[in-house]
Amino acid sequence: MATSGHRAVLAGLEAVVAENLERHLACAEDWMPHEYVPWSDGRNFARLGGEPWSAEQSKLSPIARTALEVNLLTEDNLPSYHAELVRTFGRDGAWRAWVNRWTAEEGRHASCIRDYLLVTRGTDPERLERDRLATLQAGFDSGGKPPLYACVYTSLQELATRVAHRNAGFACEDPVAERLFARIAMDENLHMIFYRNLVKAALELAPNQTVRAIADEVGGFAMPGTAVPGFARKAAQIARAGIYDLRIHHDDVILPLVRYWQIFEIEGLDAQGEKARQDLAAILGAQDARAARFVARREEAQGSSRAARS
Ligand SMILES: [Fe+2]
Ligand SMILES: [Fe+2]
């Protein structure tokens, strides 16, 4: 689509943004992050006369620690996400009000995950801080996505983040962490609904271009945490642990959105829209097959490690 076409979609969605911002504000609860942190577990570190951090102080399993670090550092990169959204959606009207509100809500996620990790001594605070600096210095670059593509990407990303937080909370095996991550996941769910509704409206406004954007974004999706040091290795560990893997991504993130958008029921697509829909069907089929192979390999590996232990 030419730049003028993207601008027209952006302008056409303005009223939908205003309407959905209002809906969002009516159902978003102003919850208090400090209420979710077990402050009485905390104590000073070395510089204030306390004990330095050491691994045995953490009650988290190594994989829960990794999942929390990745989720936290991903949230930490908020300045970059904000800049990308302002560049994509502009600085005016309802878009601006949404982006600022969204940023304010996202800001509490990193702060309360960090508070939880620090007071419970869940992870090495020095490494975490070094990784935070590295993550923010790398920044996040969406590759200059046009607004329509950004709305599809953020729908997928918010839902992926919701699932990743919820499952990371379970992995902690601590009811306090579980409650904290369930609360954060509720925010991500509302964010997902906002963008999901914009994409639904875009399908009415520009169906052929929107199906193309969905096919391209589903096919090329990458989590926003790629700037986190060691992301690929950590994401593989998280997948092996079943916290966030290809099967979850396909079944719990991609499919619910594709179904909600009713891509395979839309009538009246032109040749390009139809081609985009066929591409999407092929991408979904390939992702499903990759997910099945991944799960089979994981089960095989778990079976052989069980056999080696017995
Ligand atoms: Fe978040
Ligand atoms: Fe979010």
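The values are calculated or read from the model by the stated rules, or taken from the named source; none is laboratory data. Everything quoted here is computed from the prediction, not taken from an experiment. Note: ideal-geometry Cβ built from the backbone for every residue, glycine included; neighbour counts use all protein chains shown. Heavy atoms of the whole protein, side chains included, go into the accessibility calculation; ligands, DNA and RNA do not. Shrake-Rupley method; radii C 1.70, N 1.55, O 1.52, S 1.80 Å.
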Considering each of 110, 150 in turn, give the residue that is within 16 Å of ligand 1 (Cβ to nearest atom), closer than 22 Å to residue 188 by Cβ and assigned to a helix (DSSP H, G or I). 110
Filter the stretch 266-310 down to residues that are over 27 Å from the mean Cα position of the chain (by Cα) and on the phi < 0 side of the Ramachandran plot, then give me how many there are. 20
Test: residue 5 is of a type in the set (Gly, Ala, Ser) and not in a helix (DSSP H, G or I): no
Residue ID - farthest from the chain's Cα centre (by Cα), chosen from residues in the stretch 95-115 that are closer than 22 Å to residue 55 by Cβ and open to solvent by 10 Å² or more (accessible area, probe 1.4 Å): 115
Which count do you get for residues in the stretch 155-179 that are within 12 Å of the chain's Cα centre (by Cα), within 13 Å of ligand 1 (Cβ to nearest atom) and not acidic (Asp, Glu)? 9
Is it the case that the stretch 120-133 has a residue that's within 16 Å of ligand 1 (Cβ to nearest atom), over 20 Å from residue 247 (Cα atoms), over 17 Å from the mean Cα position of the chain (by Cα) and of a type outside the set (Phe, Trp, Tyr)? yes
Considering only residues of the stretch 15-44 that are touching a helix residue (DSSP H, G or I) at 6+ places or on another chain (Cβ under 6 Å) and over 28 Å from residue 181 (Cβ atoms), which is least open to solvent (accessible area, probe 1.4 Å)? 17
If we ask which residues in the stretch 208-222 are in a helix (DSSP H, G or I) and open to solvent by 40 Å² or more (accessible area, probe 1.4 Å), their number turns out to be 5
Only one of (1) surrounded by fewer than 17 Cβ atoms within 10 Å (Cβ to Cβ); (2) touching a Lys or Arg at 6+ places or on another chain (Cβ under 9 Å); (3) acidic (Asp, Glu) is not met by residue 92, so which one is it? (2)
The stretch 223-249: number of residues that are open to solvent by less than 50 Å² (accessible area, probe 1.4 Å) and either among the small types (Gly, Ala, Ser) or at pLDDT 95 or above (or both): 17
Long-range neighbours under 6 Å by Cβ, at least six apart or interchain, first residue without any contact (Cβ under 8 Å) to a residue 60 or more places away in the chain within the stretch 178-189, second of a type in the set (A, V, I, L, M, F, W, C) and near ligand 2 (Cβ under 10 Å from one of its atoms): none
Please find, among 180, 118, the residue that is more than 12 Å from ligand 2 (Cβ to nearest atom) and buried (at least 22 other Cβ atoms within 10 Å of the Cβ). 180
Please specify each residue of the stretch 149-177 satisfying the condition of being within 14 Å of ligand 2 (Cβ to nearest atom), β-branched (Val, Ile, Thr) and buried (at least 23 other Cβ atoms within 10 Å of the Cβ). 154, 161
Testing residue 182 on (1) modelled with pLDDT of 95 or more; (2) away from ligand 1 (no atom under 16 Å from the Cβ), one condition comes back false. Which one is that? (2)
Count - residues of the stretch 47-81 that are surrounded by 22 or more Cβ atoms within 10 Å (Cβ to Cβ) and acidic (Asp, Glu): 3
Of these, 123, 135, which one is crowded, with 16+ Cβ neighbours inside 10 Å and touching a Pro at 6+ places or on another chain (Cβ under 9 Å)? 135
